[in-house]
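Q: Supplied in structure tokens, the structure appears directly below.
The values are calculated or read from the model by the stated rules, or taken from the named source; none is laboratory data. No experiment lies behind these values; they were computed from the predicted model shown. Virtual Cβ from ideal backbone geometry, glycine too; neighbours counted across all protein chains shown.
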Amino acid sequence: MKNSIFIVVPLLAVMAFATADAVQYKATNNAQGTSGGARFNQQIGINYSKKIMAAASSFIWTTFKQAPADRKSVNLITLIIESMSGVAYTSNNEIHFSADYIGNYSGDVKTEFNGVMYHEMTHVWQWNGQGKAPGGLIEGIADFVRLKANYAPSHWVKPGQGDRWDKGYDVTARFLDYCNGLKGGFVAQLNAKMKDGYSNDFFVQLLGKTVDQLWSDYKAKYGNQ
Ligand SMILES: *[C@@H]1O[C@H](CO)[C@@H](O)[C@H](O)[C@H]1NC(C)=O
Ligand SMILES: *[C@@H]1O[C@H](CO)[C@@H](O)[C@H](O)[C@H]1NC(C)=O
């Protein structure tokens, strides 16, 4: 009995440590009656979705080089499959995924689902410069993660294509991949800086060149296509 305090204290410390980075994942299919909802059940499913959400979180933390203390504080991430237009969107740690998109997708729907989920999960975890970062950069970082996870679909622009660095999505993702090639961990450092605000000068601070110079170097590397 006298010794029990020595057992209890370390045990509580271990439990506190274990819950510090525990994230809960929930998924629901609100489109049960639709053909897209049925295809989700048959080819993807709730359990698989939760597995992908956990795998995406780990991948994103690794890509962003974040220790638990560096991550956003998020306890619960929810996926909702619902009948809606478009593909998917994320707000308040809730990912809304279109059952109609799943139903109409021609090709390997599971791979497409994974790719979209890595993009949306990045929106949960990435910093947005306190709302000041360009939307195109936010979308580009989400697609950069999708690219690094090997889920870039074949219809994406090829490296060097596009008119503006902050066009967003695949165009910005390919550019960020070029920047990341100049200095490993660039995107992780950029995201870390975006915790407190945003300035295009972050590119100068991290790579020694303005973002416009980097964009024209990038375009020139691929023959200004
Ligand atoms: C999903 O996971 C739960 C809990 O692990 C399990 O009980 C259930 O059988 C699984 N469902 C399917 C369809 O695999
Ligand atoms: C395809 O999308 C339309 C809406 O754009 C929807 O009404 C229809 O149910 C979808 N088809 C399938 C098979 O999910």
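Q: Criterion first (within 16 Å of ligand 2 (Cβ to nearest atom), under 23 Å from residue 176 (Cα atoms) and modelled with pLDDT of 95 or more) does residue 99 satisfy it?
A: In short, no.
Q: A further question follows. Among the residues in the range 72-90, are any away from ligand 2 (no atom under 16 Å from the Cβ), touching a residue at least 60 places away in the same chain (Cβ under 8 Å) and out of contact with any strand residue (DSSP E or B) (no Cβ under 7 Å at 6 or more places or on another chain)?
A: Among the residues of the range 72-90, not one is away from ligand 2 (no atom under 16 Å from the Cβ), touching a residue at least 60 places away in the same chain (Cβ under 8 Å) and out of contact with any strand residue (DSSP E or B) (no Cβ under 7 Å at 6 or more places or on another chain), which makes the answer no.
Q: Go through 78, 90 for me and flag whichever is outside any helix (DSSP H, G or I), within 20 Å of residue 49 (Cα to Cα) and touching a helix residue (DSSP H, G or I) at 6+ places or on another chain (Cβ under 7 Å).
A: Checking each option against the conditions leaves just 90.
Q: Still on this structure, I have one more. Quick one: which residue in 16, 54, 22 is more than 16 Å from ligand 2 (Cβ to nearest atom), assigned to a helix (DSSP H, G or I), at pLDDT below 95 and closer than 26 Å to residue 125 by Cα? It would help to see each step written out before you state the result.
A: Numbers: 54 fails: at pLDDT below 95; 22 fails: assigned to a helix (DSSP H, G or I).
The match here is 16.
Q: Determine which member of the set 112, 82 is of a type outside the set (Phe, Trp, Tyr), more than 16 Å from ligand 1 (Cβ to nearest atom), in contact with a Pro (Cβ under 9 Å, 6 or more places away or on another chain) and not assigned by TED's automatic domain parsing to the domain that holds residue 144.
A: On the way: 82 fails: in contact with a Pro (Cβ under 9 Å, 6 or more places away or on another chain).
The match here is 112.
Q: Let me ask you something else. Determine, yes or no, whether residue 219 is free of Cβ contacts under 8 Å to residues at least 60 places away in the same chain, surrounded by fewer than 19 Cβ atoms within 10 Å (Cβ to Cβ) and not in a loop (DSSP other than H, G, I, E, B).
A: yes
Q: Still on this model: Looking at the structure I just gave you, is residue 143 buried (at least 20 other Cβ atoms within 10 Å of the Cβ) and of a type in the set (D, E, K, R)? Break it down into steps so the answer makes sense when it comes.
A: Values: buried (at least 20 other Cβ atoms within 10 Å of the Cβ): yes; of a type in the set (D, E, K, R): yes.
Yes: the conditions hold for residue 143.
Q: So, in the range 27-45, of the ones that are in contact (Cβ under 8 Å) with a residue 60 or more places away in the chain and among the β-branched types (Val, Ile, Thr), which residue ends up surrounded by the fewest Cβ atoms within 10 Å (Cβ to Cβ)?
A: Restricting to residues being in contact (Cβ under 8 Å) with a residue 60 or more places away in the chain and among the β-branched types (Val, Ile, Thr), the top hit is 34.
Q: All but one of (1) in the same structural domain as residue 212 (by TED's automatic domain parsing); (2) buried (at least 23 other Cβ atoms within 10 Å of the Cβ) hold for residue 158; which doesn't?
A: Looking at each condition in turn, residue 158 falls short on (2).
Q: Could you say whether any residue in the range 46-69 is within 16 Å of ligand 1 (Cβ to nearest atom), surrounded by fewer than 19 Cβ atoms within 10 Å (Cβ to Cβ) and more than 18 Å from residue 119 (Cα to Cα)?
A: Yes, because at least one residue in the range 46-69 is within 16 Å of ligand 1 (Cβ to nearest atom), surrounded by fewer than 19 Cβ atoms within 10 Å (Cβ to Cβ) and more than 18 Å from residue 119 (Cα to Cα).
Q: Please state which of the following conditions residue 115 fails to meet, knowing it meets all the rest: (1) under 30 Å from residue 200 (Cβ atoms); (2) of a type in the set (Gly, Ala, Ser); (3) in a strand (DSSP E or B).
A: The single condition residue 115 does not satisfy is (3).
Q: Could I ask something else about it? Give the residues of the range 21-45 that are more than 15 Å from ligand 1 (Cβ to nearest atom) and either at positive phi or in contact with a Pro (Cβ under 6 Å, 6 or more places away or on another chain) (or both), sorted by residue number.
A: Within the range 21-45, just 21 meets the criteria.
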